[in-house]
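This report concerns only the one structure given below.
The values are calculated or read from the model by the stated rules, or taken from the named source; none is laboratory data. Owing to the predicted nature of the structure, the values given are computational and were not obtained by experimental measurement. Positions of Cβ are backbone-derived with ideal geometry, glycine not excepted, and every protein chain shown enters the neighbour counts. Just the protein is used for accessible areas: all its heavy atoms, side chains included, with ligands, DNA and RNA removed. Shrake-Rupley method; radii C 1.70, N 1.55, O 1.52, S 1.80 Å.
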Amino acid sequence: MMWTTRPRSDFGQVSAIAEGDGPLVIMLHGVGLQAEAWCAQIDDFVSAGYRVVAPDMPGHGHSPLVPAHTLSQFATLLSGLLKEEAVIVGHSMGAMLALTLASMHPDKVAGIIALNAVHRRDAAAKAAVRGRAGELDGIQAQDPANTLHRWFGEAVTPEREACAAWLRHTHPAGYKTAYTVFAEADGELDTALARLRCPALFMTGEADPNSTPAMSEAMAAAAMKGEAQIIAGAAHMLPMTDASKINGTLLRFAEGCLS
C-alpha cells in the first residue's frame, strides 16, 4: 500500500524517513500529517537518483513533542537536516517552514518548492482558521471529520483514510501548537520572501479555497526567482491526490537547482 508506515532514522530531535543516494531533497509535511504523506514523491525522487529525507514534524508521527511556538522555532528544530546543499519541498505549513529555513540558511538551500502554501489570508479566512485553532485544547485528540471534509470533500479514498489515521495519531498538544502557528504566522513570510535568492516554485490547486492560486501567484511575484503553477481541478492535498500531475515538474525543478 502506498501509505504504509516506513522505517525511520533519528535526526536530532526529529524522526525521518531517509531513503536513496545522491543530491539531498528534504520534504516537509503539513499540520496533522506525517512523513508518509510524501510516499508518492519519495519513490519517484529515489528512482531518479536523489537522497530524500522526510521528517515528522515535532509532535507528529514518530517525532517527540518538543516546545516550538513560532515558525522560526519549528525551523530551528529542522535545521539539522541541512547537512549539505538541498532542495526543500514543503506542503501547507511545511511550505511555510521551507521558506523560513531558506531565510535562515541561504547557503544550504538550492531551491524551494512550496505546495499549497498560505500567505496573507483575507479577513474571513483568517478568522476561520484562528477560530479552529482556538477550539483545540491540546488534551483531547481532535475529531478529523471537518478537516477531512475541507481536504477531500465527500470522496472516500485511500488518501483520505490515511490522513484520518494520521490526524488521530498526532499528539493533541503537538497538533494544537503547530496549528496555532499555522493560523497565526501567514503574514510572517514577507521577510523570508524578500530575502529568498534561490529559485522558488509555488504550486497550488485551482480548487483550493484556503491555499489559493492568488496566494501562490503573489508569493512568486515577491520572490526574486519565483514562479507559480496552478493545477487545474486540484485542491489542498496535491502531494497525495495529484502526484501523477506534479511529480514530473517537481523532478525537473530539483534537477535544475541541484545539477
Exercise. Among (1) crowded, with 23+ Cβ neighbours inside 10 Å; (2) not in a loop (DSSP other than H, G, I, E, B), where does R252 come up short?
Worked result: (1)
For this session: Residue by residue through the range 111-125, note down the ones that are surrounded by 19 or more Cβ atoms within 10 Å (Cβ to Cβ) and in a loop (DSSP other than H, G, I, E, B).
Result: N116, A117, V118, H119, R121
Exercise. Only one of (1) touching a strand residue (DSSP E or B) at 6+ places or on another chain (Cβ under 7 Å); (2) open to solvent by 30 Å² or more (accessible area, probe 1.4 Å); (3) free of Cβ contacts under 8 Å to residues at least 24 places away in the same chain is not met by S259, so which one is it?
Worked result: (1)
